[in-house]
Structures are given as C-alpha cells and as structure tokens.
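Engineer: Supplied in structure tokens, the structure appears directly below.
The values are calculated or read from the model by the stated rules, or taken from the named source; none is laboratory data. No experiment lies behind these values; they were computed from the predicted model shown. With ideal geometry, Cβ positions are generated from the backbone for all residues, glycine too; neighbour counts draw on all protein chains shown.
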C-alpha cells in the first residue's frame with residue numbers, strides 16, 4: 001500500500017511539472033497582444049495607370065506625410081516602370097515602398113511596422129530581398145504573394161525601443177493576364193508606436209489600379 005501511494009505521489013508530481021511546462025510553452029508561443037489605445041486610418045490615396053503595351057518609365061510618387069504631435073511619419077510608393085512581357089513572359093510593374101517614422105515624446109518608440117499588399121489571385125507580388133533596407137528594425141516575417149494567395153506582407157519589429165525607423169523595398173507586381181485585363185492592389189502601411197503613455201496605431205491605405213488596354 002505504501003509503495004502504491006508513493007508511486008501515485010510521484011506520478012501526480014510529474015503531471016504538475018508537465019502541466020507547468022505546457023503553460024510556459026503556451027505563454028511563450030502566444031505572447032500577449034499589444035493593447036492599442038487609439039487607431040487612426042488616413043484617407044486612401046488612389047492611383048490608376050493604363051497598361052501601355054510597351055515598356056514605360058512611370059516615374060510617379062505617391063507620398064503621404066503625417067504628424068500628430070508625437071509621431072512624424074512619411075509613407076511613400078514610388079512607381080518606377082512598367083515592363084511589357086514578350087511571348088509567354090509576364091507584364092510587371094516595379095515600385096518602391098518606403099516608410100520613415102519617428103516619435104518625439106519622452107519614452108516613446110516605434111514598436112512595429114507592417115506593409116501588407118492585398119491582391120487578386122491572377123497577379124503575384126515578389127519582394128526584392130536584395131533591395132531591402134531598414135534601420136532600427138528586425139524582420140519578423142516576409143511573405144511573397146503567389147497567385148493562389150490574396151496578400152503579401154512584410155512585418156518588422158522594434159530594436160531597443162528606437163524612436164526613429166526607416167524601411168524600404170522594391171516590389172515586382174506581375175500580371176497573369178492579357179494586357180486587356182485590369183488589376184487592383186491595396187497597400188496598407190501600418191505603424192504601432194508607444195507615445196510615452198499608450199500604444200497607438202496609424203494606417204495609411206493606398207490603392208493601385210492597373211487598367212486593361214481598351215478600358216475607360
């Protein structure tokens with residue numbers, strides 16, 4: 001009887017330790033979400049371009065500066081060029097996406113930056129990783145947008161509670177259709193920052209429309 005009771009105590013103790021380890025792992029793998037006090041979404045910027053039927057230098061910039069007294073930010077998309085596909089090659093649009101931001105309030109910092117590209121399933125998004133540049137941030141995730149996906153994204157996290165950050169990359173948006181077809185890309189720039197007392201989130205939306213040849 002004594003031996004059986006001793007074994008039960010050891011078994012129970014083992015279960016307690018195992019349960020504690022599971023709890024620790026669950027907490028570690030599912031960190032507490034940042035509580036956002038204020039969400040701000042800026043007016044959407046819309047840009048349209050008709051598929052040209054030939055290689056074309058676009059050289060246009062969509063820029064949105066923002067300042068709220070604690071955060072200064074500038075969101076930018078530079079539309080570089082449109083490359084016409086030859087034979088079975090795809091048409092491509094090359095663009096540079098960038099964001100600069102700083103927090104001036106005491107104790108403030110940029111916690112996280114996300115750039116999300118929402119697309120259709122008959123186009124693809126490739127991040128040009130050799131062109132990727134960032135300061136005071138570390139990469140959390142970088143996901144290309146293949147044809148069966150509806151989005152591509154980059155996520156970057158704070159390094160040492162930095163007050164100022166910069167990030168930029170080149171994207172190649174490729175079209176899996178004849179040049180008579182249209183496409184749309186919704187880009188969301190997101191910044192989560194701490195202003196010294198609370199976490200806030202700012203979102204800038206930009207819409208890129210590629211209009212098929214012959215369409216109004």
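Engineer: When only residues in the range 121-140 that are more than 22 Å from residue 74 (Cα to Cα) and touching a strand residue (DSSP E or B) at 6+ places or on another chain (Cβ under 6 Å) count, which is surrounded by the fewest Cβ atoms within 10 Å (Cβ to Cβ)?
Structural biologist: Only one residue tops the list, namely 126.
Engineer: Test each condition in (1) touching a residue at least 40 places away in the same chain (Cβ under 8 Å); (2) over 25 Å from residue 64 (Cα atoms) for residue 121 and report the one that comes out false.
Structural biologist: The one condition residue 121 does not meet is (1).
Engineer: What do you reckon, is residue 173 closer than 20 Å to residue 121 by Cβ and at pLDDT below 95?
Structural biologist: On the way: closer than 20 Å to residue 121 by Cβ: yes; at pLDDT below 95: no.
In short, no.
Engineer: Residue 66: surrounded by 10 or more Cβ atoms within 10 Å (Cβ to Cβ), more than 22 Å from residue 167 (Cβ to Cβ) and at pLDDT 85 or above, yes or no?
Structural biologist: no
Engineer: Here are some conditions: (1) surrounded by fewer than 19 Cβ atoms within 10 Å (Cβ to Cβ); (2) more than 14 Å from residue 189 (Cα to Cα); (3) in contact (Cβ under 8 Å) with a residue 24 or more places away in the chain. Residue 95 meets all but one. Which one does it not meet?
Structural biologist: Result: residue 95 passes all but (1).
Engineer: Here are the criteria: (1) surrounded by 20 or more Cβ atoms within 10 Å (Cβ to Cβ); (2) within 29 Å of residue 58 (Cβ to Cβ); (3) at pLDDT below 95. Tell me which single one residue 147 does not satisfy.
Structural biologist: Failing condition for residue 147: (1).
Engineer: Further, regarding this structure: Would you mind stating whether residue 176 is over 14 Å from residue 68 (Cβ atoms) and buried (at least 17 other Cβ atoms within 10 Å of the Cβ)? Give the steps one after another, and end with the answer.
Structural biologist: Numbers: over 14 Å from residue 68 (Cβ atoms): yes; buried (at least 17 other Cβ atoms within 10 Å of the Cβ): no.
When the stated conditions are applied, residue 176 does not pass them.
Engineer: Being closer than 19 Å to residue 198 by Cβ and assigned to a strand (DSSP E or B) is the filter here; which residues of the range 38-69 pass it?
Structural biologist: 38, 39, 40, 41, 66, 67, listed by residue number.
Engineer: Still on this structure, I have one more. In the range 102-129, what residues are at pLDDT 95 or above, closer than 23 Å to residue 192 by Cβ and outside any strand (DSSP E or B)?
Structural biologist: none
Engineer: Is it the case, given these coordinates, that residue 98 is closer than 25 Å to residue 42 by Cα and assigned to a loop (DSSP other than H, G, I, E, B)?
Structural biologist: Values: closer than 25 Å to residue 42 by Cα: yes; assigned to a loop (DSSP other than H, G, I, E, B): no.
No: the conditions fail for residue 98.
Engineer: Just to be sure I understand, how many residues within the range 182-196 are part of a loop (DSSP other than H, G, I, E, B) and in contact with a strand residue (DSSP E or B) (Cβ under 7 Å, 6 or more places away or on another chain)?
Structural biologist: 2
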